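Notes follow the structure.
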Amino acid sequence: MSRLVSLHGAPRYLRSDNGPEFVSRAILKWAARNGMEMALSDPGKPWQNGADESFNGKFRDECLSLEWFRTRVEAKIVIEQWRRHYNGIRPHSSQAYLTPNEFK
C-alpha cells in the first residue's frame, strides 16, 4: 500500500471491512501518518463496501480457485497476470464497459 500511496498519492479515506488486517494498530498508525482516515463498514454489512467485496469475489472465483500454486513465485506470476488482465483488458459493466485503466 505504501507503493500505491507513493505512486498515486494518499486518498482521504481508506475504506475496508473490519478484518483484523485493517484494524491493527500498525495499519491505523500508518494511515494516520499518511493523512488518511479509516472508513470501516459496519460488521455484518458487506454491502457498505460493495465494490471491494465484488472484487474479492471475482479474484477468488476467477483466479485463486482455478489455480493450485506450487510456489510463492508461481502465485505472484499468476496473480500479476490476472491483475493486468482485470485492470487493462477486461471491460467492467459498472464502468460503462471500460477497463479500470481506461476509466481513471
Of all C-alpha pairs within the range 50-103, those more than 19 angstrom apart amount in percent to 31 percent
Semi-axes of the chain from the Cα gyration tensor (sqrt of 5 times each eigenvalue, largest first, whole Å) come to 25, 18, 16
Neighbours of N34 by Cβ distance under 14 Å: Lys/Arg at +1, Asp/Glu at -1, summed charge +3
If each K or R counts +1 and each D or E counts -1, the residues other than Q48 whose Cβ falls under 12 Å of its Cβ total -2
With the dipole of the range 50-103 defined by +1 on each Lys or Arg Cβ and -1 on each Asp or Glu Cβ, the option from F69, T99, A51 whose Cα lies farthest towards the positive pole is F69
Here, trypsin sites (Lys or Arg not before Pro) of the range 6-62 satisfying both criteria (DSSP loop; at most 10 other Cβ within 10 Å) are R12
In debye to the nearest 20, the charge dipole size for the range 50-103, taken about the Cα centre with +1 at each Lys and Arg Cβ and -1 at each Asp and Glu Cβ, equals 200 debye
With +1 on the Cβ of every Lys and Arg and -1 on the Cβ of every Asp and Glu, the dipole magnitude of the chain about its Cα centre, in debye rounded to the nearest 20, is 400 debye
In the neighbourhood of F22 defined by beta carbon distances under 11 Å, the net charge of the other residues (Lys, Arg +1; Asp, Glu -1) is -2
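Any read-out appearing in this document is the output of simple, stated calculations on the displayed coordinates, not a laboratory observation. What you see is a predicted model, and the numbers here were worked out from it, not measured in a lab. Don't worry about glycine lacking a Cβ; one is built from the backbone with ideal geometry, like all the others, and counts go over all protein chains shown.
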